[in-house]
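One structure is given here, and the rest of the page talks about it.
The values are calculated or read from the model by the stated rules, or taken from the named source; none is laboratory data. Since we're looking at a predicted model, the values are computed, not measured. Virtual Cβ from ideal backbone geometry, glycine too; neighbours counted across all protein chains shown.
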Amino acid sequence: TVPDLSANTTPSIFTILGKTSGTSLYATGTASAMTGSTMILRATRPTITIVALPSTLLTDGTQVLSKFKIAADATNDISWQKIVFSYTSSTGVSVTDNTINLYKEGSSTKLFTADTLDLTPATKIITFIATNEQTITKGTSQVYELKGDITGSASDTSFSTRIGGTNAAAGAVTTSIYSDVTTTEGRFLWSD
């Protein structure tokens, strides 16, 4: 448990409760008297889940390339502003650069067009950076669709996407200025 810090900016007691043992440990004094690793507490967290595509048949033309849901925990709203996708495709299958857009499910109004698109065969990365934060109200969710124009489809060809790009480690940044983190390696940048 953590004491209410709103009235006291220099608390003198923290209680640490063991998950398994249930035993409380108390430390008094200044922060320098306590040892441990730095932790960042968040007011909420997003949950991203993959949603089934409307069709798994690959054909030329505008296709839903990815469909996913972002849910806000019941404790607080979440906002996000950057999401990165990686993709793989069969030889000859490609997606046209200026046709890749992100939409809210059921809407024909694009939220934004891909900010960067790296079509290099080794990387194949699609990055979206929104002009404004996309806010999801606490306890609710929003489904999004990534759409783009496919060319080169044929029998036994494929195109698949993955949210998150590479397997880069997750990290935390404590700033309220979004532009400070847009160039980071983060694959999904969100705030609470």
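List of remarks:
- Test result for Ala130, surrounded by 12 or more Cβ atoms within 10 Å (Cβ to Cβ) and either modelled with pLDDT under 90 or among the hydroxyl-bearing types (Ser, Thr, Tyr) (or both): yes
- The criterion of at least 1 residues that are of a type in the set (A, V, I, L, M, F, W, C) and at pLDDT below 90 is met by the following strands (runs of 3 or more DSSP E) wholly inside the range 14-88: 24-28.
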